[in-house]
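Inspection log for the structure reproduced underneath, given as structure tokens.
The values are calculated or read from the model by the stated rules, or taken from the named source; none is laboratory data. For clarity, every value in this text was computed on a predicted model and none was experimentally measured. Glycine also receives a Cβ, built like all others from the backbone with ideal geometry; neighbour counts cover every protein chain displayed. Accessible surface is based on the protein model in full, side chains and every heavy atom, while ligands, DNA and RNA are left aside. Shrake-Rupley method; radii C 1.70, N 1.55, O 1.52, S 1.80 Å.
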Amino acid sequence: MRLSLREELIDRYHLPDSDAVLVGRAELLAPPDRELLKAVLVHGQRPSAVADLLRQPANRIRQRLYRLCRRLTSGEFLAAARAISYLDKSDGEWARLYFCERRSQRELAELFELAPHRVRRRVEDVSSKVEAIRHLFQITRQGSGR
């Protein structure tokens with residue numbers, strides 16, 4: 001018996017089966033990616049139907065879904081997603097844009113009207129904070145015997 005695309009993606013990328021967790025992770029993505037993931041994984045729309053609505057080939061939609069699911073389970077995405085609530089509002093927004101939405105430093109420079117070197121420094125600063133929080137989670141998990 002062939003798996004549905006949702007079941008295949010959940011199985012292949014070890015995504016949580018819970019719609020609430022999927023929606024929570026999807027909320028950190030850029031709006032077009034968020035809506036695509038929610039349409040297929042949460043609302044059960046077929047990729048071919050979404051492709052027709054977007055006037056794109058169905059294979060391109062499937063490819064985007066595979067890439068998005070791979071991103072949702074990447075260590076970088078998960079570390080940033082966990083850290084965002086522990087960061088101040090500004091750092092959390094930078095972490096979401098850079099790690100979760102995968103905005104380039106050039107895009108961030110344009111968005112915030114900053115010089116490239118300032119963006120690079122800000123990304124490095126936020127990256128070190130995300131890494132420190134990830135490390136604390138790791139120590140806490142090891143200390144609790146998990």
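Does Val130 fit the bill of being open to solvent by less than 80 Å² (accessible area, probe 1.4 Å) and closer than 18 Å to Glu27 by Cβ?
Details: open to solvent by less than 80 Å² (accessible area, probe 1.4 Å): yes; closer than 18 Å to Glu27 by Cβ: yes.
It is true that Val130 is open to solvent by less than 80 Å² (accessible area, probe 1.4 Å) and closer than 18 Å to Glu27 by Cβ.
Report the residue count in the stretch 49-74 for those that are open to solvent by 50 Å² or more (accessible area, probe 1.4 Å) and assigned to a helix (DSSP H, G or I).
First, pick out the residues of the stretch 49-74 that are open to solvent by 50 Å² or more (accessible area, probe 1.4 Å): 52-57, 59-60, 62-64, 67, 70.
Within this subset, residues satisfying the condition of being assigned to a helix (DSSP H, G or I) are 52-54, 59-60, 62-64, 67, 70.
Qualifying residue count, the stretch 49-74: 10.
Could you list, in sequence order, all residues of the stretch 115-134 that are outside any loop (DSSP other than H, G, I, E, B) and either touching a residue at least 60 places away in the same chain (Cβ under 8 Å) or more than 17 Å from Ala79 (Cβ to Cβ) (or both)? Spell out the reasoning first.
Narrowing the stretch 115-134 to residues outside any loop (DSSP other than H, G, I, E, B): 116-134.
Across the stretch 115-134, the qualifying residues are Pro116, His117, Arg118, Val119, Arg120, Arg121, Arg122.
Considering the stretch 7-48 alone, what residues qualify as being more than 17 Å from the chain's Cα centre (by Cα) and part of a helix (DSSP H, G or I)?
Residues of the stretch 7-48 that are more than 17 Å from the chain's Cα centre (by Cα), as a first pass: 7-8, 11, 43-48.
Residues satisfying the conditions are Glu7, Glu8, Asp11, Pro47, Ser48.
In the list Phe99, Phe77, Phe112, Phe137, which residue meets the criterion of being hydrophobic (A, V, I, L, M, F, W, C), touching a residue at least 24 places away in the same chain (Cβ under 8 Å) and either touching a strand residue (DSSP E or B) at 6+ places or on another chain (Cβ under 9 Å) or open to solvent by 60 Å² or more (accessible area, probe 1.4 Å) (or both)?
Phe137
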